[in-house]
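To keep things clear, I will list the structure first and then write my remarks on it.
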Amino acid sequence: EPEVTQTPSHQVTQMGQEVILRCVPISNHLYFYWYRQILGQKVEFLVSFYNNEISEKSEIFDDQFSVERPDGSNFTLKIRSTKLEDSAMYFCASIVIGTRGSGYTFGSGTRLTVV
Amino acid sequence: ILNVEQSPQSLHVQEGDSTNFTCSFPSSNFYALHWYRWETAKSPEALFVMTLNGDEKKKGRISATLNTKEGYSYLYIKGSQPEDSATYLCAFGSGNTGKLIFGQGTTLQVKP
């Protein structure tokens, strides 16, 4: 069964450093997303991406965050200057069509620890 | 602000027990309701996508119902097995961009 692949599985970074989280969505999927879950809290939406542009972003997704799909396969989330409160599990997800379809396929996540 | 609530937060049952959990969501502007099963160290796995009021879906021993008028969905597990132990997430789907708004999850522990 096709999978969404995320790397790395765990990243530790110093506060203020830039991090890039990588995702390879399923090849025929059209919509791509980043979510995160801070420990003990709900999974929260960060950004959706369709047709090579951001279609929606949350309040969390400020100027420190960016996404791109540089080569048609990878989908990356960059945090320019990490803060302690960015420590969370970050999930990439993709879907063929909208939310009335078959449900998202999620990656297994990247645990980001900012120290 | 759209809010999705799940109850209970956690549940401990014996193998063979049947159980159910609740997801409450906004009843206005309904588009879709998703259920996911999330085991530790794995990715959330889609169980059901429900779109119509009165929908009932089934996958093996797991089933779900949907009431969009009153804004709730139930997930049922019949004859729980230890392998059913996981966190069950529901999420309210937005029609525009596909954004999902998640509840906090119900963590089920099934004891042999």
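Couplings 3J(HN,Hα) of region A:24-40, computed from phi: 10, x, 6, 4, 9, 7, 10, 10, 10, 9, 10, 10, 9, 10, 6, 3, x Hz, in residue order, whole Hz [Karplus 6.51 cos²θ - 1.76 cosθ + 1.60, θ = phi - 60°; x for Gly and Pro]. The figure for A:Val12 is an accessible area of roughly 90 square angstrom, using a 1.4 Å probe on the protein chains alone.
Measuring nothing but how far apart in sequence close Cα pairs (under 8 Å, 6+ apart) lie, relative to its length, chain A scores a relative contact order of 39 percent.
For a distance above 22 Å, tell me the whole-number percent of Cα pairs in chain A that qualify. Kindly include the intermediate steps, with their values, before the conclusion.
Values: 1703 of 6555 pairs.
Cα-Cα pairs of chain A separated by over 22 Å account for 26 percent.
Couplings for region B:14-20, taken from phi via the Karplus curve 6.51 cos²θ - 1.76 cosθ + 1.60 with θ = phi - 60°, read 8, 3, x, 6, 9, 8, 8 Hz in order; Gly and Pro are left as x. Within the shell of other residues whose beta carbon sits under 12 angstrom from the beta carbon of B:Leu66, the net charge comes to -1, with Lys and Arg scored +1 and Asp and Glu -1. When the Debye formula is applied to the Cα atoms of the protein assembly as shown, each taken as the same point scatterer, what base-10 log of I(q)/I(0) results at q = 0.13, 0.14, 0.18 Å⁻¹? Computed log10 I(q)/I(0) values: -0.76, -0.87, -1.34. Contact-buried residues of region A:74-115, at a threshold of 50 Å² lost accessible area versus the chain by itself: A:Thr99, A:Arg100, A:Tyr104, A:Phe106 (1.4 Å probe; DNA, RNA and ligands ignored). Charging the Cβ of each Asp and Glu at -1 and of each Lys and Arg at +1, and nothing else, the dipole of chain A about its Cα centre rounds to 180 debye.
Buried accessible surface for the B/A pair, both sides summed and rounded to the nearest 100, is 1900 Å² with a 1.4 Å probe. Counting only protein heavy atoms and using a 1.4 Å probe, the accessible area of A:His10 comes to about 100 Å². Note on chain B: dipole from Cβ charges, positive end direction compared against B:Gln104, B:Gln6, B:Leu52; the farthest Cα belongs to B:Leu52.
Taking all protein chains together and rolling a 1.4 Å probe, B:Trp38 ends up with roughly 40 Å² accessible.
In straight-distance terms, cross-link reach from A:Lys78 covers every one of the lysines whose alpha-carbon lies under 27 Å from its own, apart from those fewer than eight places away in the same chain; here that gives A:Lys42, A:Lys57, B:Lys42, B:Lys99. Ligands, DNA and RNA left out, the 1.4 Å accessible surface of the protein assembly as shown is 45% carbon and sulfur atoms. Bridge orientation summary for the protein assembly as shown: considering DSSP beta bridges with both residues in this region, about 90 percent are antiparallel.
With a ≥ b ≥ c the root eigenvalues of the C-alpha gyration tensor of region B:1-89, is it rounded (a/c under 1.5), prolate (a/b larger than b/c) or oblate? It would help to have the intermediate numbers written out before the result.
Details: a/c = 1.84, a/b = 1.63, b/c = 1.13.
Cα axes put region B:1-89 in the prolate bin.
Normalising the average separation of contacting C-alpha pairs (under 8 angstrom, six or more residues apart) by the number of residues puts the relative contact order of chain B at 37 percent. When both region A:63-86 and region B:39-90 are represented by their alpha-carbon centers, they are found 32 Å apart.
Here chain B carries DSSP beta bridges of which approximately 90% are antiparallel, counting only pairs with both residues inside. Between A:Ser27 and A:Thr7, what FRET efficiency comes out of the Förster formula 1/(1 + (r/R0)^6) with R0 = 22 Å and r the beta carbon distance, rounded to 0.05? Here the calculated transfer efficiency is 0.85. Phi angles across region B:97-112 convert, under the Karplus curve 6.51 cos²θ - 1.76 cosθ + 1.60 with θ = phi - 60°, into 3J(HN,Hα) values of 10, x, 4, 10, 10, 9, x, 7, x, 10, 9, 9, 10, 10, 8, x Hz, Gly and Pro given as x.
Going from most exposed to least, what order do A:Ile97, B:Ile77 have by accessible area with a 1.4 Å probe?
On the way: A:Ile97 95, B:Ile77 0 Å².
Ranked from most to least accessible, the order is A:Ile97, B:Ile77.
The values are calculated or read from the model by the stated rules, or taken from the named source; none is laboratory data. Computed from a prediction, not measured in an experiment: that's the story for all the values here. Cβ sites come from the backbone with ideal geometry, for glycine too, and all protein chains shown count toward neighbours. Areas reflect the complete protein model, heavy atoms only, side chains present, ligands, DNA and RNA absent. Shrake-Rupley method; radii C 1.70, N 1.55, O 1.52, S 1.80 Å.
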